[in-house]
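For reference, the structure I am asking about is given below.
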Amino acid sequence: MLLEGALLGLSLSFMVGPLLFAIVQASLERGFRAGFALAAGIWTSDILYITLVYHGVDALATLTALPHFRLWAGLLGGAVLVIFGLGAFLQRRLPNTDTHHTTADRVLDVLDGPEAPGVEHNWMRWGYPGYWIRGFLLNTINPFTVFFWLGIASAVIVPNQWTPNETLGFFTGMLITLIATDTLKAYAAKRVRHFLTPKHTRWVQRGIGLTLLVFGLVLVIRVLI
């Protein structure tokens, strides 16, 4: 079961969607740790849904069957994507507020490498917890995430009549693969940013913001028609 889950997780890792662009954007803005923090928020959300599916497929199915659930969840999820997309598209160069003082910060900064051209630290605001919250919200307030995990349960787990241990092994394999591939995406984006000029960084940021905005609008349109 662990291997089957890992293979499915590997297939999912190649899907292009708003979460991929959000991880890349965070890594380009603040380095590997920011991309990792955002991805960690996504994983936390996935674990939440896996727990719900593991302990109560019927309860989750009842929730999604509520009147207008898809409509309101889609509108809320689309609004979150639009807000984050606009924020990335309109974001300007931030003031320099470097406050690294601890040895741990200096060591992690070496791993992160220099800040992306045209983007500076913004430690006075949310910091890495803010990226975690962003990832958690992007994944949680997305109706397709709910239907995805519910679909996995109804199409894979229930028909095969897996035991709790087999189900746990399947989900564990998926999570391990998703965590590994998302970490690689964040690291790859961090490596690419060293070759970008401030102008390039700004255009990439705008492109990602526009992509998130489009995903949000498409999500809203799909639940309205």
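Of everything in region 40-68, what is surrounded by 13 or more Cβ atoms within 10 Å (Cβ to Cβ), more than 30 Å from Val24 (Cα to Cα) and at pLDDT 75 or above? Give them in sequence order.
Residue satisfying the conditions is Tyr54 alone.
Just for region 189-225: of the residues that are of a type in the set (Lys, Arg) and surrounded by 14 or more Cβ atoms within 10 Å (Cβ to Cβ), which one is farthest from Leu20 (Cα to Cα)?
Restricting to residues being of a type in the set (Lys, Arg) and surrounded by 14 or more Cβ atoms within 10 Å (Cβ to Cβ), the top hit is Arg202.
Arg191 passes all but one of (1) closer than 18 Å to Thr51 by Cα; (2) part of a helix (DSSP H, G or I); which number fails?
Single failed check for Arg191: (1).
Which residue pairs have Cβ atoms closer than 6 Å, lie 6 or more positions apart in sequence or on different chains, and pair a first residue in region 66-91 that is in contact (Cβ under 8 Å) with a residue 24 or more places away in the chain with a second residue that is surrounded by 15 or more Cβ atoms within 10 Å (Cβ to Cβ) and outside any helix (DSSP H, G or I)?
From residues that are in contact (Cβ under 8 Å) with a residue 24 or more places away in the chain, the pairs are Leu76/Ile141; Gly77/Ile141; Gly77/Asn142; Val80/Ile141.
Okay, residues lined up against (1) among the hydrophobic types (A, V, I, L, M, F, W, C); (2) touching a helix residue (DSSP H, G or I) at 6+ places or on another chain (Cβ under 6 Å); (3) within 18 Å of Ala153 (Cβ to Cβ):
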| residue | (1), (2), (3) |
| --- | --- |
| Met1 | yes, yes, yes |
| Leu7 | yes, no, yes |
| Arg30 | no, no, no |
| Leu38 | yes, yes, no |
| Ile42 | yes, yes, no |
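Looking only at region 156-184, count every residue that is surrounded by fewer than 19 Cβ atoms within 10 Å (Cβ to Cβ) and in a helix (DSSP H, G or I) and tell me the total.
18
For region 12-22, does any single residue satisfy the condition of being modelled with pLDDT of 75 or more, in contact with a Phe, Trp or Tyr (Cβ under 9 Å, 6 or more places away or on another chain) and more than 29 Å from Leu224 (Cβ to Cβ)?
no
Is there a residue in region 122-134 that is within 23 Å of Leu86 (Cβ to Cβ), in a helix (DSSP H, G or I), modelled with pLDDT of 85 or more and of a type in the set (Lys, Arg)?
Yes, because at least one residue in region 122-134 is within 23 Å of Leu86 (Cβ to Cβ), in a helix (DSSP H, G or I), modelled with pLDDT of 85 or more and of a type in the set (Lys, Arg).
Which of the numbered conditions does Ala34 fail, given that it passes all the others? Conditions: (1) more than 22 Å from Phe215 (Cβ to Cβ); (2) modelled with pLDDT of 90 or more.
So the condition that Ala34 fails would be (1).
The values are calculated or read from the model by the stated rules, or taken from the named source; none is laboratory data. Computed from a prediction, not measured in an experiment: that's the story for all the values here. Every residue, glycine among them, receives a Cβ derived from its backbone with ideal geometry; neighbour counts consider all protein chains shown.
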